[in-house]
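**Student:** One structure is given below, represented as structure tokens, and several questions about it will come after.
The values are calculated or read from the model by the stated rules, or taken from the named source; none is laboratory data. Since this is a predicted model, take the numbers as computed values, not measurements. Neighbour counts run over all protein chains shown; Cβ positions are idealised from the backbone, glycine included.
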Amino acid sequence: MGLGDKIGNSAEEAMGKAKEGFGEATDNEKLQADGHKDQTKANLKQAGEHVKDAFTDKK
């Protein structure tokens, strides 16, 4: 996984956590759901990069 990908995915996950937390603090269910969705998307990207790295390292 490239450093840029790691930073981007981590930033996206952090923004999702912040968005979800702000949604909880303001009792905004849509914002909570959006934050959770952003975190899930970032985690899936990270998992995909790990799989790609695993196959690339085997060669």
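**Student:** For segment 41-59, how many residues are touching a residue at least 12 places away in the same chain (Cβ under 8 Å) and within 14 Å of the chain's Cα centre (by Cα)?
**Tutor:** Residues in segment 41-59 being touching a residue at least 12 places away in the same chain (Cβ under 8 Å) and within 14 Å of the chain's Cα centre (by Cα): 7 in total.
**Student:** For segment 16-59, which residues satisfy the criterion of being at pLDDT below 95 and outside any helix (DSSP H, G or I)?
**Tutor:** Within segment 16-59, just Lys59 meets the criteria.
**Student:** Let me ask you something else. In this structure, does Glu13 turn out to be touching a residue at least 12 places away in the same chain (Cβ under 8 Å), part of a helix (DSSP H, G or I) and not aliphatic (A, V, I, L, M)?
**Tutor:** On the way: touching a residue at least 12 places away in the same chain (Cβ under 8 Å): yes; part of a helix (DSSP H, G or I): yes; not aliphatic (A, V, I, L, M): yes.
For Glu13, the condition - touching a residue at least 12 places away in the same chain (Cβ under 8 Å), part of a helix (DSSP H, G or I) and not aliphatic (A, V, I, L, M) - is met.
**Student:** So which residues in segment 7-38 are exposed (fewer than 13 other Cβ atoms within 10 Å of the Cβ) and either in contact with a Phe, Trp or Tyr (Cβ under 9 Å, 6 or more places away or on another chain) or of a type in the set (Lys, Arg) (or both)?
**Tutor:** Lys30
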